[in-house]
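In what follows, a structure is listed as structure tokens, so that the remarks can point back to it.
The values are calculated or read from the model by the stated rules, or taken from the named source; none is laboratory data. What you are looking at is a predicted structure, and each value in this text was computed from that prediction instead of being measured. Neighbour counts are summed over all protein chains in view; Cβ atoms, including those assigned to glycine, are modelled from backbone coordinates with ideal geometry. Only protein heavy atoms, including side chains, enter the accessible area calculation; ligands, DNA and RNA are left aside. Shrake-Rupley method; radii C 1.70, N 1.55, O 1.52, S 1.80 Å.
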Amino acid sequence: MDLGYKEGIDVIYITSDEGGAPEKVSALAEELIRKDINMIYAITTVAAKAAFEVTNRKQRTDIPIVFVHADSPVENGIIQSYRYSGNHLTGIAVDISEITEKKLEFLLTIDPNIKRIGIIDAEHVSDATVRVKNALMEATKKFNVTIAKYPVKSKAGPAAVEEVKKVTSAIKKGDIDAFFQMPGPVSGLTEGILIEMTKRLK
């Protein structure tokens, strides 16, 4: 590293991919506290919120939490304001609704012929999933496109992965013009499957 730290000696990283399931992230945060870590790096809003609640409950607000992609953290109650968090959290915030419309706009700039867009319509979702879905459905009116929803009922985990494989394998060329990656515990686990599907449909 540029600062001269050696991984495993001066700095140790403990990583885990829990797929955004709140109960799993909370358990992971408790485990990290028991290991007496010095900082928690939380990528999603779900992870940041879970770590925030656990560190407060365990009276370990001395552990800083850095989030990198938190959707509306003030509205989600993990910081007091964008000027001053008022607690042991800091990081990068996004307005996921605004970004969703921009993503759709960029997609249609790349290919104006896109008319039908597929999404994984998971039954088990995060707050971010709901906000993106609502923003996406609203944006379709502006850009004159339709959304093809592919339902997935399983909770995040191996069953969801298998269900997404089954659902996407049934999608044929011509069924959709593009696929929109949704946030959330289910889609977060199956990004690789969706990428392979889009390659197959080219």
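For the reader, a short list of remarks on this structure follows.
- Counting only protein heavy atoms and a 1.4 Å probe, the chain has 60 square angstrom of accessible area per residue.
- Per atom type, the stretch 86-202 shows carbon and sulfur on 54% of its accessible surface, probed at 1.4 Å.
- Reducing the stretch 123-202 and the stretch 65-104 to their Cα centroids gives an inter-centroid distance of 24 Å.
- Helix 158-169 axis versus longest C-alpha principal axis of the chain: approximately 20°, rounded to the nearest ten.
- Other residues with beta-carbon under 14 Å from the beta-carbon of GLY174 carry, at +1 per Lys or Arg and -1 per Asp or Glu, a net charge of +4.
- For LYS199, the lysines whose Cα falls under 21 Å of its own Cα, not counting residues fewer than eight places away in the same chain, are LYS103, LYS115, LYS149, LYS165, LYS166, LYS172, LYS173.
- Calculated mean residue ellipticity at 222 nm for the chain: -13000 deg cm²/dmol, from DSSP H runs with n ≥ 4 weighted as -39500 (n - 2.57), summed, divided by the residue count and rounded to 500.
- Loop sites by DSSP among the chymotrypsin sites (Phe, Trp or Tyr not before Pro) of the chain, restricted to those with at most 10 other Cβ atoms within 10 angstrom, leave 85-202 as the longest stretch without any of them.
- Angle of helix 127-143 to the longest C-alpha principal axis of the chain, folded into 0 to 90 degrees and rounded to 10: 30°.
- Label of the coordinate-derived value, Cα extents along the principal axes in Å, listed as [x] 51, 45, 43; [y] 53, 37, 36; [z] 44, 37, 33: [y]
- The chain: angle of helix 96-110 to the longest principal axis, Cα-based, in degrees nearest 10: 40
- A Cβ-based charge dipole, computed about the Cα centre of the stretch 54-162 with Lys and Arg at +1 and Asp and Glu at -1, lands at about 160 debye.
- When only the Cβ of Lys, Arg, Asp and Glu is charged (+1, +1, -1, -1), the dipole of the chain relative to its Cα centre reaches about 680 debye.
- Close amide-amide hydrogen proximity is noted between ALA148 and ILE117, GLY118, ILE119, each under 5 Å apart and 5 or more residues distant or on a separate chain (H modeled in the peptide plane; Pro and chain starts excluded).
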